[in-house]
Amino acid sequence: MTKADEAAQQDTTLVTEPPLSPVAREILRGVQRVLKAHGFESLAEVVLANGRRADAMGLGSKGDIWIVEIKSSIADFRADSKWPEYRDYCDRLFFAVAPDFPNE
(Lines give C-alpha, C1' and ligand atoms only; values in the text may rest on other atoms or scores of the structure.)
Protein backbone atom coordinates (compact mmCIF):
# COMPACT_ATOMS: atom_id res chain seq x y z
CA MET A 1 0.00 0.00 0.00
CA THR A 2 1.37 3.41 -0.98
CA LYS A 3 1.45 6.40 1.34
CA ALA A 4 -1.34 8.02 -0.72
CA ASP A 5 -3.49 4.90 -0.24
CA GLU A 6 -2.80 4.95 3.51
CA ALA A 7 -3.73 8.64 3.70
CA ALA A 8 -6.96 8.05 1.76
CA GLN A 9 -7.86 5.15 4.02
CA GLN A 10 -7.10 7.19 7.14
CA ASP A 11 -9.19 10.14 5.88
CA THR A 12 -12.25 7.93 5.37
CA THR A 13 -11.97 6.42 8.83
CA LEU A 14 -11.90 9.81 10.58
CA VAL A 15 -15.56 10.54 9.82
CA THR A 16 -17.51 8.53 12.38
CA GLU A 17 -20.68 10.59 12.60
CA PRO A 18 -23.67 10.34 10.24
CA PRO A 19 -24.34 13.11 7.70
CA LEU A 20 -26.60 16.02 8.63
CA SER A 21 -30.35 15.41 8.92
CA PRO A 22 -32.82 17.33 6.68
CA VAL A 23 -33.55 19.77 9.55
CA ALA A 24 -29.83 20.29 10.16
CA ARG A 25 -29.31 20.90 6.43
CA GLU A 26 -31.89 23.73 6.56
CA ILE A 27 -30.08 25.23 9.55
CA LEU A 28 -26.77 24.86 7.70
CA ARG A 29 -28.17 26.85 4.79
CA GLY A 30 -28.98 29.71 7.16
CA VAL A 31 -25.59 29.43 8.86
CA GLN A 32 -23.83 29.74 5.52
CA ARG A 33 -25.84 32.85 4.70
CA VAL A 34 -24.96 34.44 8.06
CA LEU A 35 -21.28 33.59 7.63
CA LYS A 36 -21.33 35.16 4.15
CA ALA A 37 -22.98 38.28 5.58
CA HIS A 38 -20.04 38.54 8.03
CA GLY A 39 -17.53 38.23 5.18
CA PHE A 40 -16.67 34.56 5.72
CA GLU A 41 -16.46 31.75 3.19
CA SER A 42 -17.96 28.56 4.54
CA LEU A 43 -17.35 24.84 4.43
CA ALA A 44 -19.68 22.12 5.70
CA GLU A 45 -18.79 18.95 7.60
CA VAL A 46 -15.10 19.71 8.04
CA VAL A 47 -13.05 16.92 9.59
CA LEU A 48 -10.68 18.33 12.21
CA ALA A 49 -7.24 16.95 13.12
CA ASN A 50 -8.71 15.30 16.25
CA GLY A 51 -11.16 13.31 14.12
CA ARG A 52 -14.21 15.37 15.07
CA ARG A 53 -16.40 16.85 12.37
CA ALA A 54 -17.42 20.50 12.52
CA ASP A 55 -20.90 21.03 11.04
CA ALA A 56 -19.85 24.36 9.53
CA MET A 57 -16.63 26.32 9.40
CA GLY A 58 -16.22 29.93 8.35
CA LEU A 59 -12.93 31.25 6.99
CA GLY A 60 -12.46 35.00 7.23
CA SER A 61 -10.33 37.25 5.03
CA LYS A 62 -7.95 37.93 7.95
CA GLY A 63 -7.51 34.22 8.71
CA ASP A 64 -10.18 34.00 11.40
CA ILE A 65 -11.82 30.62 11.76
CA TRP A 66 -15.33 30.25 13.15
CA ILE A 67 -16.92 26.89 13.84
CA VAL A 68 -20.69 26.56 14.04
CA GLU A 69 -22.18 23.49 15.68
CA ILE A 70 -25.72 22.80 14.46
CA LYS A 71 -28.34 21.51 16.89
CA SER A 72 -31.52 20.27 15.23
CA SER A 73 -33.39 19.41 18.44
CA ILE A 74 -33.29 19.96 22.18
CA ALA A 75 -32.27 16.30 22.61
CA ASP A 76 -29.35 16.86 20.23
CA PHE A 77 -28.31 19.96 22.18
CA ARG A 78 -28.48 18.21 25.56
CA ALA A 79 -26.66 15.09 24.38
CA ASP A 80 -23.69 16.90 22.87
CA SER A 81 -20.66 16.73 25.13
CA LYS A 82 -18.02 16.86 22.40
CA TRP A 83 -18.24 20.55 21.48
CA PRO A 84 -15.34 21.59 23.78
CA GLU A 85 -13.09 19.53 21.49
CA TYR A 86 -13.67 22.08 18.70
CA ARG A 87 -12.22 25.04 20.62
CA ASP A 88 -8.59 24.35 19.70
CA TYR A 89 -9.47 24.63 16.00
CA CYS A 90 -11.25 27.98 15.87
CA ASP A 91 -11.19 31.56 17.01
CA ARG A 92 -14.92 31.56 17.79
CA LEU A 93 -17.40 28.74 18.40
CA PHE A 94 -21.15 29.13 17.91
CA PHE A 95 -24.28 27.00 18.11
CA ALA A 96 -26.98 27.33 15.47
CA VAL A 97 -30.57 26.21 15.97
CA ALA A 98 -33.89 26.50 14.11
CA PRO A 99 -36.05 29.59 14.74
CA ASP A 100 -38.57 27.52 16.75
CA PHE A 101 -35.89 26.10 19.09
CA PRO A 102 -36.98 26.66 22.73
CA ASN A 103 -35.17 29.55 24.42
CA GLU A 104 -35.36 28.12 27.89
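The values are calculated or read from the model by the stated rules, or taken from the named source; none is laboratory data. Since we're looking at a predicted model, the values are computed, not measured. Reconstructed Cβ throughout: ideal geometry from the backbone, glycine too, with neighbour counts over all protein chains shown. Surface areas here come from the heavy atoms of the whole protein model, side chains and all, with no ligands, DNA or RNA. Shrake-Rupley method; radii C 1.70, N 1.55, O 1.52, S 1.80 Å.
Per-residue HN-Hα couplings for segment 67-84, Karplus 6.51 cos²θ - 1.76 cosθ + 1.60 at θ = phi - 60°, whole Hz, x for Gly and Pro? So the Karplus estimates, Gly and Pro as x, are 10, 10, 9, 8, 10, 8, 7, 5, 5, 4, 4, 5, 7, 7, 10, 8, 4, x Hz. Applying 0.36 nm per residue to the separation of Glu104 and Val23 and subtracting their alpha-carbon distance, the gain on full extension is 27.1 nm. Database remark: amide H of Phe94 closer than 5 angstrom to the amide H of Ile67, Val68, Glu69 (H placed geometrically; neighbours at sequence offset of 5 or more, or on other chains; Pro and chain starts carry no H).
Using the Cβ-Cβ distance between Asp76 and Val47 with R0 set to 22 Å, the FRET efficiency works out to roughly 0.65. Residue order by solvent-accessible surface for Glu104, Glu41, Glu26 is Glu104, Glu26, Glu41, largest first, with ligands and nucleic acids left out and a 1.4 Å probe. The label-point distance for Ser61 and His38, in a model that sets each label 7 Å from Cα toward Cβ, rounds to 1.6 nm.
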